[in-house]
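Below: the structure, in structure tokens.
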Amino acid sequence: MKFNQITPEQAGISSKDILNFMKFLNDRGLRMHAFLMMKGNDIFYEAYYKPFHKDYLHRMYSQTKSYVSIAIGLLEQDGLISLDDPIYKYFPDKIHGELDDVFKTQTIRNMLMMCTCVRPPVWFYTECMDRVEEYFATKPFRKPGIAYEYDSAGSQVLCELVERITGKKLIDFLRDRIFNKMGTFKDAYILETPTGSSWGDSGLLCTLRDNASFARFVMDYGKYDGEQILNENYLKVATSRLVDNSMDGHDIVESQGYGYQIWRCSRNGFAFLGMANQLTFMFKDSDTIFTCFASDMQFPQAREHIAGGIYQLVDKLSMNPLKEDKASYEELMEYTNKLELIHSNRKASSPLSKLVENKTYVCEPNQMNLKEFSISINGDKGVFKYVNATGYKEIEFGIGYNVFTTFPEEGYSNMVGKLVTKGYYYKCANSGGYTSDNRFKIDVQAIDKYFGNLF
């Protein structure tokens, strides 16, 4: 896919409005990583927060589910499945014992719409390594097709259905059928489960432009460069409001309705939504796409801030180009070029500094198994030193900036979810300092295949 670069004014929006939006996100302390705005095939704004960049392969989390939906649509188009097939018939080897009769009525369509009959356990907290076996071993609590309830494990089963029928990894199947034609997703990959299947409900890593090209394909209802690759009707249904998903009556991003692993959103749009605010909004009426990467796991309001700002931009979009505003555009570009991963803005000292720094604090029994710790500061850099059950560790942090290093603890996953990879340490960004005279805070941001925060 050829991406053309235009100014916001050419797209019908002012550079000032975009600058105000980007400042709005920053003022609220959102942990943004990248942002892209596109009208047609033209990018009218693109931003990366250092150290992130255009070629960075970023974890998509649950946006991966929407990719699974498109693969399912291709299987249906090829006559390899019917959406009304009972899902259990494709996995006889994964079912041990007699399957509940209610489960036997659950269809592929039910699963695409997340109107399933089970509440599977979270696989990270169970001993079972095979997610499909675990899914079918879960006791139904209602008939399928009755109501929406988020079912991440069901999306994994759909992914494994694709791989079982095609004999290919999900990303390779999509490359063969779609991505190679567009010239995108060349380096993208998907993390795996312990059984060797693709982690289809969460594991895709790709660039922001890759994701924008996929959004373009979906918004064009399966057509690329004049070729109807996926039938139009499937995507018209997949992006429609098939089921009510408003659980408590509040008007939020996730309450506008649900299709086939694709969300409805305000302004007559639809969206791919991933944990920690991997977001893609598509508005067919204005032919615009807004997509971003972030890591806001501990800030549930962040998604509403981002979406609300995007809706305001959509409301301001003109169908016709605006008069160029060179000064405002240059101001926007200057601001954009200075963007970097957010860090804490704390003080390097307090009246109590001499009393608390370079002292060893012995801990009472605690959940983190910390035995002792100390804090030392030298100029604008500090070190948090601690001893836990695995030994002595250090975390360097900047005061007023991030120190990029690796988190000193291992015991985490790498390419295979749930399995610990010995000797693997997450990349992280650390900042800290005094938030008040008697309070000190360190902010550790994991920025790897897995994102997270430690305060």
Inset, instruction - Please report the relative contact order for the chain, taking Cα pairs under 8 Å with a sequence separation of at least 6, and give it as a percent rounded to a whole number. - result: 17 percent
Inset, instruction - Specify which labelled value, from (1) 18, 32, 24, 22, 5; (2) 23, 52, 24, 2; (3) 25, 57, 18, 0, agrees with P(r) over Cα pairs in 20 Å bins from 0, in percent derived from the coordinates of the model shown. - result: (2)
Legend entry - M182 - accessible surface, heavy atoms, 1.4 Å probe, Å² rounded to 10: 0 Å²
Legend entry - segment 185-233 - accessible surface per residue (Å², probe 1.4 Å): 32 Å²
Legend entry - Listed residue pairs exceeding 19 Å between alpha carbons, taken from K65/K427; K143/K236; K139/K418; K393/K427: K65/K427; K143/K236; K139/K418
Inset, instruction - Whenever you get a sec, line up D225, D248 from highest to lowest accessible area (probe 1.4 Å, protein heavy atoms). - result: D225, D248
Legend entry - Within segment 1-96: Cβ-based charge dipole about Cα centre, in debye rounded to nearest 20 (Lys, Arg +1; Asp, Glu -1): 540 debye
Legend entry - Residues of segment 21-143: accessible area per residue with a 1.4 Å probe, Å²: 41 Å²
Inset, instruction - For S353 paired with H96, estimate the spin-label separation in nm (one decimal), with each label point 7 Å from Cα along the Cα-to-Cβ line. - result: 6.1 nm
Legend entry - Order of exposure, largest accessible area first, which applies to K236, K326 with probe 1.4 Å: K326, K236
Inset, instruction - With a 1.4 Å probe and every protein chain kept in, tell me what percent of the accessible surface of the chain is carbon plus sulfur. - result: 50 percent
Inset, instruction - Taking all protein chains together and a probe of 1.4 Å, list E127, E304 from the most accessible to the least accessible. - result: E127, E304
Legend entry - Accessible surface, segment 263-386, averaged per residue in Å² (probe 1.4 Å): 55 Å²
Legend entry - E149 versus L80: modelled label distance in nm, points set 7 Å from Cα along the beta carbon direction: 3.1 nm
Legend entry - Dipole magnitude of segment 233-317 about its Cα centre (Cβ charges: Lys, Arg +1; Asp, Glu -1), debye to nearest 20: 280 debye
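The values are calculated or read from the model by the stated rules, or taken from the named source; none is laboratory data. Note that the structure is predicted; figures quoted are calculated from it, not measured. FYI the Cβ positions are ideal-geometry reconstructions off the backbone, even for glycines, and counts take in every protein chain you see. What goes into the accessible areas is simple: the full protein's heavy atoms, side chains included, and nothing from ligands, DNA or RNA. Shrake-Rupley method; radii C 1.70, N 1.55, O 1.52, S 1.80 Å.
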